[in-house]
Amino acid sequence: MEHPIGIIGGMGPMASQLFYKMVTEHTAAERDQDHIDLILLSDASMPDRTGAILSGDYEPPRRQLLADARLLERCGCAAIAITCNTAHFFADMIAGELGIPILHMIRETAAHVARRCPGGTVGVLATDGTVRTGLYQKALSEQGLQPWTPPADIQAEVMHQIYHRVKSGLPCDRESWRRIEAACRRAGCAAVVLACTELSVIKADESLEDWYVDPMEVLARKVVETAGKTYR
């Protein structure tokens, strides 16, 4: 194995296995050897990222994420992808301490959405922690887009889907999802970013339309291209 791509996952595990499936399915390959060499690190013990952000105690997840990244670096990885949107708050803290790049899911997604609907209003469905950091709002604004985040009652529905459904091993609460979607459409969103990987699981399970932009799909394309393969 020469210069693999390192994947830090486990945040949560259902999203991580979906990401591996995305990379595999979207790599143009006719045999095993045509696929990408990956080192998959599923760190399910990573402290809750949203809890750390809301409490202001950043050090535990920052320290653990850095240890994971350094392990992948020592294993010879050429780059690192992190399958958690909220974790990118801490990824930005550690990027300067690594000798290999972190493929930045949030910035890649913002650029992708800007190409699809330039200047449009873009919904951001994410954890309270990701919303609090403003990571997506900043990245989308820098691309000339108008970010929209849900009001408190709808944000509570989003958190319900993430923590009480997918992370708990349960399927999407469809009635709740209808309320979320209705709020996004009332806001005039040209696209909606599923800015939490648990919501990526819902998109796959429910076959949601491409109005919903999945950052994991964007990151999977970046991994394929970084590895010098053809995305299909």
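The values are calculated or read from the model by the stated rules, or taken from the named source; none is laboratory data. The model shown is predicted, which means the values in this text are computed figures rather than measured ones. Methodologically, a virtual Cβ is constructed for each residue, glycine included, from the backbone with ideal geometry; neighbour enumeration extends over all protein chains shown. Keep in mind that these areas ignore ligands, DNA and RNA; they rest on the heavy atoms of the full protein, side chains included. Shrake-Rupley method; radii C 1.70, N 1.55, O 1.52, S 1.80 Å.
Key figures
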quantity: Matching residues, the range 201-214, being among the hydrophobic types (A, V, I, L, M, F, W, C), without any contact (Cβ under 8 Å) to a residue 60 or more places away in the chain and not in a helix (DSSP H, G or I); calculated: Leu208, Trp211
quantity: Residue match in the range 184-196 (condition: without any contact (Cβ under 8 Å) to a residue 24 or more places away in the chain and at negative phi); calculated: yes
quantity: Considering residues of the range 184-200 that are assigned to a helix (DSSP H, G or I) and open to solvent by 10 Å² or more (accessible area, probe 1.4 Å) only, the residue farthest from Cys84 (Cα to Cα); calculated: Arg186
quantity: Residue within the range 144-167 that is modelled with pLDDT of 95 or more, of a type in the set (A, V, I, L, M, F, W, C), in contact with a Phe, Trp or Tyr (Cβ under 6 Å, 6 or more places away or on another chain) and open to solvent by less than 50 Å² (accessible area, probe 1.4 Å) present; calculated: no
quantity: Selection status of Thr121, hydroxyl-bearing (Ser, Thr, Tyr), over 23 Å from Leu18 (Cα atoms) and open to solvent by less than 50 Å² (accessible area, probe 1.4 Å); calculated: yes
quantity: Pairs, first under 23 Å from Phe90 (Cβ atoms) in the range 100-129, second open to solvent by less than 30 Å² (accessible area, probe 1.4 Å) and of a type in the set (D, E, K, R), C-beta under 7 Å, six or more apart; calculated: Gly129/Arg49
quantity: Filtered residues of the range 69-78 (kept if surrounded by fewer than 20 Cβ atoms within 10 Å (Cβ to Cβ) and part of a helix (DSSP H, G or I)); calculated: Arg70, Leu71, Glu73, Arg74
quantity: Criterion violated by Ala220 - all others in (1) in a loop (DSSP other than H, G, I, E, B); (2) at pLDDT 95 or above; (3) among the small types (Gly, Ala, Ser) satisfied; calculated: (1)
quantity: Test result for Glu217, under 30 Å from Ala79 (Cβ atoms), open to solvent by less than 10 Å² (accessible area, probe 1.4 Å), touching a residue at least 40 places away in the same chain (Cβ under 8 Å) and among the charged types (D, E, K, R); calculated: no
quantity: Qualifying residue in the range 2-9 (condition: outside any strand (DSSP E or B) and touching a Ser or Thr at 6+ places or on another chain (Cβ under 9 Å)); calculated: no
quantity: Which numbered condition Ile53 misses (of (1) in a helix (DSSP H, G or I); (2) β-branched (Val, Ile, Thr); (3) touching a residue at least 60 places away in the same chain (Cβ under 8 Å); (4) closer than 14 Å to Met216 by Cβ); calculated: (4)
quantity: Condition met for Ser42 (out of contact with any Pro (no Cβ under 8 Å at 6 or more places or on another chain) and open to solvent by 50 Å² or more (accessible area, probe 1.4 Å)); calculated: no
quantity: Residue within the range 79-97 that is small (Gly, Ala, Ser), open to solvent by 20 Å² or more (accessible area, probe 1.4 Å), more than 30 Å from Trp211 (Cβ to Cβ) and at pLDDT 95 or above present; calculated: yes
